[in-house]
1. Restricting to the range 45-67, what's the tally of residues that are within 12 Å of Val80 (Cβ to Cβ) and in contact (Cβ under 8 Å) with a residue 60 or more places away in the chain?
2. Output the number of residues of the range 254-281 satisfying the condition of being closer than 14 Å to Leu235 by Cβ and of a type in the set (Gly, Ala, Ser).
3. Tally time: how many residues in the range 21-55 are crowded, with 18+ Cβ neighbours inside 10 Å, polar (S, T, N, Q) and farther than 20 Å from Pro76 by Cβ?
4. Residue check: is Leu164 assigned to a helix (DSSP H, G or I) and in the same structural domain as Asp264 (by TED's automatic domain parsing)?
5. State whether one or more residues within the range 184-202 are touching a residue at least 40 places away in the same chain (Cβ under 8 Å), surrounded by 15 or more Cβ atoms within 10 Å (Cβ to Cβ) and touching a Pro at 6+ places or on another chain (Cβ under 7 Å).
6. Going through the range 44-80 one residue at a time, which ones are farther than 23 Å from Lys12 by Cβ and of a type outside the set (S, T, N, Q)?
7. Taking the range 220-263, which residues are of a type in the set (A, V, I, L, M) and in contact with a Leu (Cβ under 9 Å, 6 or more places away or on another chain)?
8. Just wondering, is there one or more residues in the range 132-141 that are within 24 Å of the chain's Cα centre (by Cα) and surrounded by 18 or more Cβ atoms within 10 Å (Cβ to Cβ)?
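The values are calculated or read from the model by the stated rules, or taken from the named source; none is laboratory data. Fair warning: this is a prediction, and the values are worked out from it, not measured in the lab. Here the Cβ is made from the backbone with ideal geometry for all residues, glycine too, and neighbour counts use every protein chain on show.
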Amino acid sequence: MTHRILCVDGDKDASEDTAETIRSQLADLDPVVETAGTLADAEALLGTDTDVIVTEYDLSDGTGFDIVSAAEDVCPDAGVILYTDTDPGTLDTIELRGAITEYVGKDSVFGEERLADLVRTTIETRSQGSYPMPQTEAERLAALQSFDLDDEELIESLDRITDLAAAHFDVEQASINLITEYSQEFLACYGEAEDWKTMDREDSICTFTILEESGVMAVEDVTEDPRFQSRADSLIELGIRAYMGANLITSNGLVIGPLCIYDDEPRSFSPAEKAYLRDLAAVAMDLIEYHTQLRAVGDIEEADQ
């Protein structure tokens, strides 16, 4: 896993010194450390995969607090460390309480050592929760494990659903995906998606889809969505420029994954199109639950014989 750290300081030498301290003290993590001298430069470098921001307070075109505000839109889970000579007593931090991980004085005793320790702790904490999870995650995983998803007849039926989805939306790829504890698995696929392999959950678009209260998530252009900009090139290589996913929701209201369609060009999705994909996903979920129930009945009958 790549750990990205952004050091922001108007003093170029100070910025490079901070970056070098982090690289040397965290060499075992092999971090990618970038530097910026202005608020504008920092905003251009922010990405969804930014783990930590180490920033001076005074900048030529703003303040460290402005960077915090920008990060909240792009990488809200990133830790922010104010590494500055500015007296903390002169800063109004009430509005940003909780957004700043820590304040470290540049000239304080063991300041560099403390900074490195804070950066490490922030990375380790972020790595443990680097993607959003539903509040019902434990129940959701239990439901996923309860289904019989290895049967070839079931998968053939689900393949027909991905065929229907691809034909209706005139796309080259579609799939039914399962979101496990740490990965995304491809259960049924159409087109080149058949060649896709298991991917880490943190790299998955669908890990965001399963959080959608409406049951459907549409992305018109992955290059314009801040959640996916950092890996847009990889998605485009797979033929994913636009995306829509509709959740497979169990009879108990738990989401095990989505039915997805992928377009290699930017596109918008109408309410009717979202409703159609939602209906297809409901049919897929019905098939999974019905198949599991039939298998359970068959197992009981075999046990009684």
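1. 3
2. Total meeting the criteria: 0.
3. Number satisfying all stated conditions: 2.
4. Yes: the conditions hold for Leu164.
5. Among the residues of the range 184-202, not one is touching a residue at least 40 places away in the same chain (Cβ under 8 Å), surrounded by 15 or more Cβ atoms within 10 Å (Cβ to Cβ) and touching a Pro at 6+ places or on another chain (Cβ under 7 Å), which makes the answer no.
6. Asp49, Glu72, Asp73, Val74, Cys75, Pro76, Asp77, Gly79
7. Passing the criteria: Val222, Met244, Ala246, Leu248, Leu254, Val255, Ile256, Leu259, Ile261.
8. Yes, the conditions are met somewhere in the range 132-141.
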